[in-house]
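The values are calculated or read from the model by the stated rules, or taken from the named source; none is laboratory data. This one's a predicted model, so the numbers in the text were calculated from it and none came from an experiment. Note that each Cβ is placed from the backbone with ideal geometry, even for glycine, and that neighbours are counted across all protein chains shown. These accessible areas exclude ligands, DNA and RNA; they are computed on the full protein's heavy atoms, side chains included. Shrake-Rupley method; radii C 1.70, N 1.55, O 1.52, S 1.80 Å.
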Amino acid sequence: AGVEPPGLQEPPGLQELTHWSVKVTVIVVLGVMITLGNIAVLLVISSSVAGWPRNSRYFLLSLTAADSAFGLLVMPLNLSVSVLKGHRDGPDALCHVVAFCNATIYSTCMYTLATISLERYVAVFYPLQYSTLMTRRRSLLLIAFAWCFPPFLLSPISFPGGIIEVHFSTASLVCNPTYSTNVGYSLSLTCVIFFPCSIVMTFSNLRVWCAARRQRLKLRQYGCALRNRHRVASRVLVPVMMAYFTCWTPCMAAMIYNAVSGSSVPEWVEFVVVWLPTSNGFLNCIFYFWINRSFRRKFRLVLQRLALALCPGLAHSLAWCSASRTHSEPEFLDNNDRIHERCSSVSSTCTLVTLM
């Protein structure tokens with residue numbers, strides 16, 4: 001009872017092909033979203049954006065480049081290996097190169113997020129010494145460290161027949177090091193990459209959030225705080241940290257579990273936790289850029305310039321629509337926004353000086 005007749009059971013080969021097709025579809029859709037989102041970001045922050053310092057643009061460009069590598073490098077390489085191997089598990093010389101690229105980009109993204117948090121911490125708590133502490137040279141050195149240290153640390157993965165064994169996983173469609181046979185190296189990677197970056201991000205963003213909260217409480221007794229702007233720190237810092245730990249913690253936990261227990265997690269669990277960190281590359285576009293008003297204005301300007309270059313008639317119609325919408329709005333709203341932005345900026349500087 002409860003057992004299907006042999007003729008109605010799905011063949012193992014067909015079931016495996018169905019799972020492979022679903023996984024490839026999910027990976028391709030995720031890769032397209034990440035690529036398009038980060039290309040739009042690169043079009044905007046490659047030029048100056050109002051209110052964004054030069055050093056901040058350097059760090060955000062580094063983050064955008066690392067996130068773009070998820071869709072332009074990680075996903076095509078792993079899908080190519082999946083097609084070449086024909087759904088077969090096992091070691092391969094090409095897998096060493098692909099696994100090295102995967103680990104390097106993942107690590108670079110985490111280091112870049114940590115450097116952004118550190119730069120914001122210095123800007124908030126040491127505004128008067130920012131130009132001295134965070135010079136252009138030091139900013140570029142931090143970015144170079146985020147990009148150069150992971151390849152140096154993870155270089156043993158790239159050598160076939162070395163100390164690190166690499167295999168292609170049919171569950172996640174990714175070339176991964178065999179952590180069960182390299183327990184010490186696996187634990188050292190988490191201690192050198194994930195935990196330090198998580199500590200820096202948590203400490204920096206928590207301190208900045210607490211400072212913003214104290215500032216909001218102080219501004220309540222004045223008329224400078226807008227109701228729709230007094231929780232800007234909560235709308236940015238809290239989602240950034242939640243997205244980071246939600247995307248990266250399951251992957252690190254599964255890696256440690258595989259290294260310690262010697263057994264792998266279920267197939268679909270492995271697929272989700274391995275590809276979940278790549279979705280952080282798309283969420284960064286939302287939390288770091290799209291919620292920023294200056295970024296949205298600059299993005300509309302970039303779109304108008306592209307439309308003017310490709311289709312002048314459409315660009316003029318879009319410009320006329322945006323101009324009519326702007327003139328239809330009451331003038332005092334724009335003045336209020338400007339006044340409140342100035343008031344908020346001045347009060348933020350005064351509050352930060354008092355916090356010191």
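Give me the extension gain from Val83 to Thr178: residue separation times 0.36 nm, minus the current Cα-Cα distance, reported in nm with one decimal.
Taking Val83 through Thr178 to full extension adds about 32.1 nm, to one decimal.
How many nm is it between the label spots at Leu301 and Ser263, if each spot is 7 Å from the Cα in line with the beta carbon?
Between Leu301 and Ser263, the label points sit 5.9 nm apart.
For segment 16-300, with every protein chain kept in place, what is the accessible area per residue (1.4 Å probe, Å²)?
About 47 Å² of surface per residue is accessible.
What percent do you get for the relative contact order of segment 16-300 when only Cα pairs under 8 Å and 6+ apart count?
Relative contact order, segment 16-300: 25 percent.
If you stretched the chain out fully between Cys311 and Ser155, how much longer would it get, using 0.36 nm times the residue separation minus the C-alpha to C-alpha distance?
Difference between extended and current length: 51.3 nm.
Ignoring ligands, DNA and RNA, please state the percent of accessible area on segment 44-85 from carbon and sulfur, probe 1.4 Å.
68
Put a dot 7 Å past each Cα toward the Cβ at Trp52 and Val122; how far apart are the dots in nm?
Once both label points are built, they end up 1.9 nm from each other.
Set Lys and Arg Cβ to +1 and Asp and Glu Cβ to -1, take the dipole of segment 16-300 about its Cα centre, and tell me which of Leu42, Met110, Asn292 lies farthest positive.
Sorting the options by dipole projection puts first Asn292.
Pulled fully out, how much extra length does the chain show between Phe145 and Phe203, if you take 0.36 nm times their separation in residues and subtract their Cα-Cα distance?
18.9 nm
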